[in-house]
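The values are calculated or read from the model by the stated rules, or taken from the named source; none is laboratory data. Because the structure is a prediction, the values reported are computed rather than measured. For neighbour counting, all protein chains shown are included, and Cβ atoms are generated from backbone atoms with ideal geometry for every residue, glycine included.
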Amino acid sequence: MAQRARITIPERTGEVAEINYGKPAEPDYGPLARDRVPVRSMVDSDLHSLIAIDRRVTGRDRSAYFQRKLAEALHESDVRVSLVAERDGGPVGFIMARVDFGEFGRIEPTAVMDTIGVDPDYRDRGIGRALLSQLLINLMTLRVEQIRTEIDWHDRELLGFLDHFGFHPSQQLCFEHAVAAAG
Amino acid sequence: MRSQPRAECPSRFDFSASANSAIAVRRVRVSDILQVIALDERVTGLAKPDYWKDALSRYGGSRLHDRAFLVAKRRGPQSESTLLGFIIGEIRAWEFGSAPCGWILALSVEPRARLSGVGQSLFNAIATEFKEAGVNRMRTMVARDNRLHLMFFRSEGMMAGPYLQLEKELD
């Protein structure tokens, strides 16, 4: 029987601190996107714009959902962190988040991001990047230590977007159950 | 979804029947909160009174048609004396386009009352709340190292769901 070749580990030939030009770029919450796109805090009067953008994105009328989320973002939360992006004199995108006092057994002050929407006519113009980068900057100013979100595994576009911004899977596992079969 | 807010009608869990007939499950009351705080402190080793008072006002005092903060007590003359456990849930709809779904956000059972059906009674009660509200799925997130909750939810038939929790440290 032929003798197996042994694996050899190459000896290090350079310094660890050597610049790695092949390393992926750091997430951009630098100035580019949010300097090009004006981003401001969300207000009550944005409701109709949010519903209209969402209707164009999803093809659904989710007025009730947005009324509830806006009330939650603006009136139930101690800190208002939801944002709207404007171009051509009106809202073209939004991001909704809240600073949460903890759930699923966690008690650290955490921001929870749960909705982002960009008008289809303004896609690929850095609107989403501007919104998220401004949100991250604002949260850091508020000394919030972590942001998290729960997304569907099948939403590859959103997964890729958040991956680019440095999000990674948490140490929490999702479980689900059909309610009709429970009890 | 239910058309009338739950606050306008009596809760069907006011000491109604549950899976275990010795255990009564009902919505939380202000008078329960000290026992909730004490139970959580015994279980987690951390006293968080402000956290639970916030939870009471958020999940026990507003939007009761899609939020539930339920407590389990022993049925009978002493039923108001000792808290056996509690569960908190909320119906979330359309976050990132997902269909309405009930989320279990917190669950705790008195250590001395475990293995007597308290967790199951709470689980079934909140499942009924979700079902009545018109959703057909419920979900929760469990820490990978929380074996107690992992075993409990698996024993209740929960399976791995299609959601990922993503996070990012802000520093």
Within region A:50-68, residues more than 9 Å from chain B (Cβ to nearest Cβ) and either in a helix (DSSP H, G or I) or over 20 Å from A:Gly90 (Cβ atoms) (or both) come out as A:Leu50, A:Ile51, A:Ala52, A:Ile53, A:Arg55, A:Arg56, A:Gly59, A:Ser63, A:Gln67
Under the condition of being in a helix (DSSP H, G or I) and either facing another protein chain (nearest Cβ under 7 Å) or charged (D, E, K, R) (or both), which residue from region B:124-137 is nearest to A:Ser133 (Cα to Cα)? B:Phe130
Between a residue in region A:135-148 that is more than 9 Å from every other protein chain (Cβ to nearest Cβ) and any residue that is among the small types (Gly, Ala, Ser) and in a strand (DSSP E or B), which pairs come within a Cβ distance under 8 Å, given they are 6 or more apart or on different chains? A:Leu135/A:Ala97; A:Leu135/A:Ala111
Within region B:138-164, track down each residue that is crowded, with 19+ Cβ neighbours inside 10 Å and within 7 Å of chain A (Cβ to nearest Cβ). B:Met138, B:Arg139, B:Thr140, B:Met141, B:Val142, B:Phe153, B:Met158, B:Gly161, B:Tyr163, B:Leu164
Picked from region B:81-105 (must be β-branched (Val, Ile, Thr) and at the interface with chain A (Cβ under 9 Å from one of its Cβ atoms)), the residue farthest from A:Val179 (Cα to Cα) is B:Ile88
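Yes/no per residue for (1) touching a strand residue (DSSP E or B) at 6+ places or on another chain (Cβ under 7 Å); (2) loosely packed, with under 13 Cβ neighbours inside 10 Å:
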| position | (1), (2) |
| --- | --- |
| A:Asn138 | no, no |
| A:Gln146 | yes, no |
| A:Thr149 | yes, no |
| A:Asp152 | yes, no |
| A:Arg156 | no, yes |
| A:Leu162 | yes, no |
| A:Gln171 | yes, yes |
| A:His177 | yes, no |
| A:Ala180 | no, yes |
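Would you mind stating whether B:Lys73 is among the basic types (Lys, Arg) and part of a helix (DSSP H, G or I)?
Details: among the basic types (Lys, Arg): yes; part of a helix (DSSP H, G or I): no.
So B:Lys73 fails the test.
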Select, from B:Ser121, B:Ser108, the only residue that is among the small types (Gly, Ala, Ser), under 25 Å from A:Arg148 (Cβ atoms), more than 8 Å from chain A (Cβ to nearest Cβ) and buried (at least 19 other Cβ atoms within 10 Å of the Cβ). B:Ser108
Filter the strands (runs of 3 or more DSSP E) completely within region A:69-183 down to those with at least 3 residues that are closer than 27 Å to B:Leu150 by Cα and at pLDDT below 90. A:110-118, A:146-152
